[in-house]
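Enquirer: The structure is given below, and queries will be raised subsequently.
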Amino acid sequence: MNAPIIIEKYNPKWPKFFEKERVVIEEALSDLVISIEHIGSTAVPGMGAKPIIDIMIGVESFDEIKKCIPLLVSIGYTFDTNRVEDFPERKSLDKQFDGIKIHLYIIDINSDYWGRHILFRDFLRSYPDAAKEYNDLKQGLAQLFRNDRKAYTNGKSKFIKKIEKKARKEYS
């Protein structure tokens, strides 16, 4: 059973947790990693979020992704080989420390998945009105679908696609 969806107020410690973990990941992966990015709502100053730090690791190719997994497991991440991926272009791992959960995604840096997530984050950081609209949407969906993560996620998809389209136009 999934935990209820609760959106917390923005916590200025979230970027600090990311920075601390970014250093640990960078040391573990050495020259395999091209970029380590804080994504998701905890990466947008002022935005409420589930208290989960989403981190994307960009690597050169899918073959590099496979090399990263045992190194990340050695620094405390959990990789469930039985987990069904919704996105075959990424591998997901989890870790918990200091009461904060981390979702880590290893992705080919040249993939559309990588680009869309960076564009979405950067657009929300640059446009506070869009960030507020997204925050309000998430708050409403969390109340409406408190125990239905799939419905909560599906409820955000139209807005996310709209912002991705605006961001592509803005940053192209």
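Just so you know, all these numbers are worked out from the coordinates, no wet-lab data involved. Predicted model only: the values in this text are computed from it and were never measured. Glycine also receives a Cβ, built like all others from the backbone with ideal geometry; neighbour counts cover every protein chain displayed.
Enquirer: Given R₀ = 35 Å, what would the calculated FRET efficiency be for Ile75 paired with Ile160, taking r from the Cβ atoms and rounding to 0.05?
Expert: With R0 = 35 Å, the Cβ-Cβ based efficiency is 0.70.
Enquirer: I need the calculated FRET efficiency for the pair Ala3 and Glu60, taking r as the beta carbon distance and R₀ as 41 Å, to the nearest 0.05.
Expert: 0.70
Enquirer: What range in the chain is the longest one free of GluC sites (Glu not before Pro) that are in a loop by DSSP and have at most 16 other Cβ atoms within 10 angstrom?
Expert: Numbers: sites that count: Glu60, Glu85, Glu89.
That would be 90-172.
Enquirer: Please report, in cubic angstrom per residue, the volume enclosed by the convex hull of the alpha-carbon atoms of segment 14-171.
Expert: 120
Enquirer: Only Lys, Arg, Asp and Glu count, each charged at its Cβ (+1, +1, -1, -1), so figure out the dipole size of segment 14-171 about its Cα centre, rounded to 20 debye.
Expert: In debye, rounded to 20, segment 14-171 gives about 820.
Enquirer: Just flag the trypsin sites (Lys or Arg not before Pro) in segment 1-106 sitting in loop per DSSP whose Cβ has no more than 14 other Cβ atoms within 10 Å.
Expert: On the way: sites: Lys9, Lys13, Lys16, Lys20, Arg22, Lys66, Lys67, Arg83, Arg90, Lys91, Lys95, Lys101; in loops: Lys9, Lys13, Arg83.
Hits after loop and neighbour filter: Lys9, Lys13, Arg83.
Enquirer: Using the beta-carbon distance between Glu19 and Ser126 and R0 = 22 Å, what value does 1/(1 + (r/R0)^6) give for FRET efficiency, to the nearest 0.05? Don't jump to the answer; show the numbers that get you there.
Expert: Values: r = 21 Å, r/R0 = 0.94.
The value I calculate is 0.60.
Enquirer: Could you tell me whether segment 108-162 comes out rounded, prolate or oblate from its Cα gyration tensor? Rule is a ≥ b ≥ c as square roots of the eigenvalues, rounded for a/c under 1.5, then prolate if a/b exceeds b/c, otherwise oblate.
Expert: Oblate.
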